[in-house]
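Here's the structure, in structure tokens; my notes come after.
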Amino acid sequence: MSTEERRIVVLRSSDEEIFEVDIDVASESQTIKHSIEDDDSGRVIPVPNVDGHTLAKVIEYCKKHVETPRSDDRDAQDALRAWDTEYMKIDQNTLFELILAANYLNIKGLLDLTCQTVADMIKGKSPEEIRAMFNIKNDFTPQEEEDIRKENQWAFE
């Protein structure tokens with residue numbers, strides 16, 4: 001198959017949604033890139049761990065980052081950072097689905113961006129505030145919690 005014929009790859013999400021994606025955009029994912037390299041038959045590439053809604057968001061991110069030239073142009077990089085900031089204005093469920101997808105698809109930039117977003121969300125928050133934010137049940141007894149605070153007092157200063 002010639003390069004001209006192979007510009008599009010077809011991805012199938014876990015919920016059977018089909019996406020036709022430019023090969024350069026799809027290759028932002030190391031997982032998909034290796035799949036393309038391993039099987040040049042042009043078949044549909046299954047993405048079993050990512051639903052259609054999340055895969056669409058992943059493709060949106062990859063497309064923007066492929067279209068933005070990687071250069072020392074400060075204005076272009078500032079514009080991309082601004083776009084990333086807007087892109088991350090999503091609900092928590094979508095954020096965590098993107099983290100899982102970026103990890104599975106091996107998209108370092110997206111994984112870094114999503115994890116940094118979570119880090120920014122919890123920065124300066126108490127353990128109780130973090131538990132409330134992410135609906136995490138405290139399974140420590142009061143004694144266990146006190147012991148942990150004593151052992152790690154530096155972290156609570």
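The values are calculated or read from the model by the stated rules, or taken from the named source; none is laboratory data. This structure is a prediction, so every number in the text was calculated from the model and none was measured. Neighbour counts run over all protein chains shown; Cβ positions are idealised from the backbone, glycine included. Accessible surface is based on the protein model in full, side chains and every heavy atom, while ligands, DNA and RNA are left aside. Shrake-Rupley method; radii C 1.70, N 1.55, O 1.52, S 1.80 Å.
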Restricting attention to the range 36-61, and to residues there that are at pLDDT below 90 and not hydrophobic (A, V, I, L, M, F, W, C), which single residue is nearest to residue 79 (Cα to Cα)?
-> 37
Taking only pairs six or more apart or across chains, which ones have beta-carbon atoms under 8 Å, a first residue in the range 133-144 that is in contact (Cβ under 8 Å) with a residue 60 or more places away in the chain and over 20 Å from residue 119 (Cα atoms), and a second residue that is hydrophobic (A, V, I, L, M, F, W, C) and part of a helix (DSSP H, G or I)?
-> none
Pick from the range 114-130 the residues that are open to solvent by 50 Å² or more (accessible area, probe 1.4 Å) and assigned to a helix (DSSP H, G or I): which of them is nearest to residue 91 (Cα to Cα)?
-> 121
With 72, 15 as the choices, which residue is modelled with pLDDT of 95 or more, part of a loop (DSSP other than H, G, I, E, B), farther than 23 Å from residue 120 by Cβ and open to solvent by 20 Å² or more (accessible area, probe 1.4 Å)?
-> 15
Test residue 139 against the criterion of being among the acidic types (Asp, Glu), modelled with pLDDT under 95 and assigned to a loop (DSSP other than H, G, I, E, B), and give yes or no.
-> yes
Of the residues 60, 20, 28, which single one is charged (D, E, K, R) and in contact (Cβ under 8 Å) with a residue 60 or more places away in the chain?
-> 28
Candidate set: the range 18-33, residues that are assigned to a helix (DSSP H, G or I) and polar (S, T, N, Q); chosen: the one surrounded by the most Cβ atoms within 10 Å (Cβ to Cβ) = 31
Hey, could you check the range 97-107 for residues that are in a helix (DSSP H, G or I) and in contact (Cβ under 8 Å) with a residue 60 or more places away in the chain and say which is nearest to residue 63 (Cα to Cα)?
-> 105
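So which residues in the range 89-113 are over 23 Å from residue 27 (Cβ atoms) and open to solvent by 20 Å² or more (accessible area, probe 1.4 Å)? It would help to see each step written out before you state the result.
At the first step, the residues of the range 89-113 found to be over 23 Å from residue 27 (Cβ atoms) are 89-96.
Within the range 89-113, 89, 90, 91, 92, 93, 96 qualify.
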